[in-house]
Amino acid sequence: MVRALSAYSTPTISDSMDRLGLEGTCLGIRPLRLDFHLCGRAFTIQYGPVGSENGTVGDYIDDVAPGDVVVLDNRGHTDCTVWGDILTIVASQRELGGTVIDGVCRDSPRSFELNYPIFSRGAYMRTGKDRVQVDGVNIPVSIGGARVRPGDVLIGDSDGVVVVPAEHEQAVLQLAREIEEAEEEIRSAVRTGSRLDDARKQFNYHKLQSKQREGAK
């Protein structure tokens, strides 16, 4: 399923979810480098402010399965990081699917060197140590306003990140195929001289993203 979903862009997946009336786009989360792409199931971490006894920032990495995406909810904070050089090295060695952060990372050149995809609100040098700590592992979190649960599928590319709820992944995949096929027909038609409005009408372009009525095919 993850491999099948990875064939589609985030705009196509987002359109599919609109058809189903689902939310899942992560506002403000961008790739560190535009050619980064990720697709994998979520391994989630929730951060909070440190308490009277400082907790750890990142001792979870060896428990993440190859191919899974590390999802870090640092509540959108951009004043301290929860991901850096050593985590990037370990994640790359373990062949993880990538990292998505509602917050910032640091040591970004390492991700470029290893071609390890990181999606975040940017990069900043200040450590999160003694500022934030892990409050929960593999619990529901929020990334850019989208709810992410362990096992949900995250897809990221140059346009951002979208979350596909695990229980809807088959329906999203089916609609993604339909939308991509229709849009390719439109592309082919205009390349061979058709008017855009005629091609859009022929292949029902204006209904591709519209929410399906209950019971509609």
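From the gyration tensor of the Cα coordinates in segment 1-90, what semi-axes in whole Å does the equivalent ellipsoid have, largest first, with each one equal to sqrt(5λ)?
Values: eigenvalues 154, 55, 35 Å².
So the three semi-axes of segment 1-90 are 28, 17, 13 Å.
Sorted from largest down, what three extents in whole angstroms do the Cα atoms of segment 78-138 have along their principal axes?
That gives 28, 25, 17 Å along the principal axes, largest extent first.
What FRET efficiency, computed as 1/(1 + (r/R0)^6) with R0 = 25 Å and r the Cβ-Cβ distance, is obtained for Ser194 and Ser9, rounded to the nearest 0.05?
Working from the Cβ atoms, E equals 0.60.
If you count the DSSP beta bridges with both ends in segment 24-164, what percent of them are antiparallel, to the nearest 5?
Roughly 55 percent of the DSSP beta bridges within segment 24-164 come out antiparallel.
How big is segment 110-201 in terms of Cα radius of gyration and Dmax, in angstroms?
19.8, 62
What per residue convex hull volume, in Å³, comes out for segment 1-54 when only alpha-carbon positions are used? Could you put the intermediate results ahead of the total?
On the way: hull volume 7.9 nm³, N = 54.
Here the figure is 146 Å³ per residue.
Taking DSSP loops as anything outside H, G, I, E and B, show the longest stretch in the chain free of GluC sites (Glu not before Pro) there with at most 16 other beta carbons within 10 Å.
Numbers: sites that count: Glu23, Glu53, Glu95, Glu214.
Longest run free of exposed loop sites: 96-213.
Taking just the alpha carbons, could you work out the radius of gyration and Dmax for the chain, both in angstroms?
19.0, 69
Here, each number is a calculation from the coordinates, and none is a lab measurement. Just so it is clear, the structure is predicted and the values come from calculations on it, not from any experiment. No Cβ is skipped: glycine too gets one built from the backbone with ideal geometry, and neighbour counts run over all protein chains shown.
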